[in-house]
Every structure is written in C-alpha cells, then in structure tokens.
Amino acid sequence: MNFLSWLKPRRSAPVARERLEILLQYERSLINQTDLIAVLREEILRIVARYVVIAPDTVQVKVNRGSTVSTLAVGIRVHNVPAA
Amino acid sequence: MGKVVVVTSGKGGVGKTTTTAALGAALAQGGQSVVVVDFDVGLRNLDLVMGAERRVVYDLITVIQGVAKLPQALIRDKRIENLWLLPASQTRDKDALTEEGVGLVISQLRQDYDWIICDSPAGIERGAVLAMRHADAAIIVTNPEVSSVRDSDRIIGLLDSKTLKAERGERVEKDLLITRYDPARAARGEMLNVDDIVEILSIPLLGIIPESEHVLRASNLGSPVTLCAPTSEPGRAYWNAAQRLNGEDVEVIVPSSKKGFFDRLFGRRAA
C-alpha cells in the first residue's frame, strides 16, 4: 500500500447502491413477466377447457419480445372428442 | 389467536437465528407467550443459540409424522417460563416437511401462543417457502452488503406470491431488520447506509442492529442477546425492534459512530 492509495477516498457504497438499483430493476421485471405468463396460461386453459377436452400438460405459452412488436403464441393440443 | 412471524432473508449467515432468539426472548420477557420454531431441517441451530441443544427429544418433523405429539416436542426455556422452542430435525429427510403437516402445527400453535416466530432456512427452496407459508408478518434480515440486499429483494417477491395471505389477495406485513451494521463505515461511504437499503428494498424499517462482539458472545453462551446483554448496543437495538414489532410507537434506535480521536485518525486505515 503506497502513500497515495492511503489518501484516496474509498467511497464504494455509492457504487454498490447504483449496481443494485440497476440489477434489481431488471430482476423485478423478469419475475413479474414469468408470473404473468403463468397466470395467462392458467386463464387460457380454464376458458378453453370449458368447450373442448384438452391435455393440460401440452399447453404452451410463448412470448417473443421484439423492439416494436411482440408476439404471443399459444399452443394447445385438443382431443378429438367433444366435451361432455 | 397468535400472530405468525417469519424471520427470513434468502442469504445465509445474516442473522436469522440470532434475530429469532433475540426477538422471541424480548417478547416473552414482556409477558406474552412465545414459541420460536426452527424450520431449518437438517441444519438446525436455533436450539444451540437458545441454549437448549441438550434437551431436544422430539422435533417438528416427528410431530408432523405423528411420532410425537406437539406438546412433547415443545421445549420450555429455562430462563423465561412463557418462552418455548420447537426444534427442527437434524437427521430426518427435509422432504418430510409437508405443507399439510406444517399447516396443522401452525394452527395448533396459533391457539396456544401470542407469537409464533418461524426461523426460516436460507435459500428460496421448499423449506424457506414452507416457513413463510402461514405468515401474517415477515422480518427480512439484511446485511449492508450487495448480495444480501439482492437476496432480500427476491424473498420480498416470494412473500408477495407464495404465502397463503398473498394467495388470498391479502398483504403480508413486511419489515426490514438491518444487522451487522457498522455506522462508522457507513458514514465514510464504505458500506451501504440505512437509507440506501430502505430505499432500494422499499419496505418499512423495523430496526438496525450494529455489528458487535456481544452477538457472538451471546451465541457462545447459548443465551439470546436480549437476555444476556440487554443493555449492550445490539441488546438495546433488539429490544427496540421487539417493541416496534409489538406495535409500540417507539422510534428506531440509530446506532451512532462514537469514535475517539485516535479511532478517527486511524479508522480509515484499519477499515
């Protein structure tokens, strides 16, 4: 350790705060998004199941985010028998 | 009906068990009936911190499995008669912790105690989720350190989605407890300060526990710091937090950096 580094201020806390704020903003948005897809999946499943017999495990919900347009793709496998 | 409080953090080693013991003892000393419950199956330590490690016969898992009745597993504190401990199992499989079993134990405890304080395991897995599942309120224990703050944020997200209250559309009360705080280092900008952490996590502050040798001494002795050193800085800070948890209108004690001339002169180099 030289004399100059001893004199230099060591305020690392503001760096920590800034890094955390950026990271958490990103992570919070990710978590909200996965929750949204799960909710959407359940809701779609419930409504479709009213009219046709579906295999719940085969439902896929995908969101592709683009810069201007995003697409939502829902794939559901339907059994070839009418609902009771 | 008792109030269920989970002490949680995401990150390990931040002071959940110390906090559970200290707050439980303080509330019980104030005359209310308190049970502290260890949810850390396989890595139990609340018994050790409470000084009851040689009195454990049955535990939470044996009660859930029906091997023992709940009253058989509860250990009464030797210092405070209305303070009880329900230990975790050290040897059994942690998968034995079932949602239904935990629900039954908690509802029984709610009948008999004013406070049920659940010491959560670290992480965000099953054990941590079950510990928070029935909570009315949560204490999020956070160190002034980036990884701890990040994990606390994650835990806050889980409290808002995985608890019974959240699923019913209600809110779990969430309070922040900052531990291992060094006011001198925070003042010098070397450590996240209280405002930084409160603003980042945006939940109300329950208390600030300063870094202190008394905390280690308390766990060495197997006595909650609120009992073995009630007038020490961390002892007073935990008493203050317990009063606030109890709904009393008291201000948070903010630890000050009382440094002498030589500490000020050489403090920066030592830090």
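Every read-out reported here was derived from the displayed coordinates using simple, explicitly stated rules and does not represent laboratory data. A quick note: this is a predicted structure, and the numbers were derived from the prediction, not measured. Here the Cβ is made from the backbone with ideal geometry for all residues, glycine too, and neighbour counts use every protein chain on show.
Quick look at the numbers
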{"quantity": "Which of B:MET132, B:MET1, B:MET50, B:MET191 has the fewest Cβ neighbours within 10 Å, and the rest in rising order", "calculated": "B:MET1, B:MET191, B:MET132, B:MET50"}
{"quantity": "Residue-by-residue Karplus 3J(HN,Hα) for the range A:58-68, coefficients 6.51, -1.76, 1.60, Hz, glycine and proline x", "calculated": "8, 7, 10, 10, 10, 10, 10, 8, x, 6, 10"}
{"quantity": "Degrees separating the helix B:99-112 axis from the principal Cα axis of chain B, which is the longest one", "calculated": "80"}
{"quantity": "Least to most buried among A:HIS79, B:HIS134 (fewest other Cβ within 10 Å first)", "calculated": "A:HIS79, B:HIS134"}
{"quantity": "Placed amide H near B:VAL37: partners under 5 Å, 5+ positions off or other chain", "calculated": "B:LEU86, B:ILE117, B:CYS118, B:ASP119"}
{"quantity": "Cα gyration tensor shape for chain B, rounded if a/c is under 1.5, else prolate or oblate", "calculated": "prolate"}
{"quantity": "For B:TYR181, residues with placed amide H under 5 Å, excluding near neighbours", "calculated": "B:ILE209, B:GLU211"}
{"quantity": "Dipole of the protein assembly as shown, positive direction: furthest Cα of B:LEU164, B:GLN32, A:TYR26, with charges on the beta-carbon", "calculated": "A:TYR26"}
{"quantity": "For A:ILE31, B:ILE139, order by how many other beta-carbon atoms lie within 10 Å, fewest first", "calculated": "A:ILE31, B:ILE139"}
{"quantity": "Exposed-site-free run, longest, chain B (rule: GluC sites (Glu not before Pro); DSSP loop; at most 11 other C-beta within 10 Å)", "calculated": "B:1-80"}
{"quantity": "Members of B:LYS3/B:LYS69; B:LYS11/B:LYS174; B:LYS3/B:LYS94; A:LYS62/B:LYS11; B:LYS11/B:LYS78; B:LYS94/B:LYS165 lying beyond 27 Å, as alpha-carbon distances in this model show", "calculated": "A:LYS62/B:LYS11; B:LYS11/B:LYS78"}
{"quantity": "Highest to lowest packing among A:49-56, A:68-75, B:34-41, scored as the average C-beta count within 10 Å", "calculated": "B:34-41, A:49-56, A:68-75"}
{"quantity": "Nonlocal amide H pairs with B:TYR113, under 5 Å, H built at 1.01 Å", "calculated": "B:GLY2"}
{"quantity": "Global geometry of the range B:96-145, whether rounded, prolate or oblate, following the gyration tensor of its Cα atoms and the 1.5 cut on a/c", "calculated": "oblate"}
{"quantity": "Karplus-derived HN-Hα couplings along the range A:19-26 (A = 6.51, B = -1.76, C = 1.60, θ = phi - 60°), whole Hz, x at Gly and Pro", "calculated": "4, 5, 4, 5, 4, 5, 4, 5"}
{"quantity": "Rel. contact order, % - alpha carbon contacts under 8 angstrom, at least six apart, chain B", "calculated": "24"}
{"quantity": "Net lengthening on full extension, A:ILE47/A:VAL78 (0.36 nm per residue, minus Cα-Cα)", "calculated": "9.8 nm"}
{"quantity": "Gained length - B:LYS78 relative to B:LEU221, 0.36 nm times residue gap less alpha-carbon distance", "calculated": "50.1 nm"}
{"quantity": "Within the protein assembly as shown, percent of DSSP bridges classed antiparallel, to nearest 5", "calculated": "25"}
{"quantity": "Shape of the protein assembly as shown, Cα gyration tensor, a/c cut at 1.5", "calculated": "oblate"}
{"quantity": "Charge-dipole axis of the protein assembly as shown as Lys and Arg at +1 and Asp and Glu at -1 on Cβ define it, positive-most pick from B:ILE197, B:PRO230, B:LEU70", "calculated": "B:ILE197"}
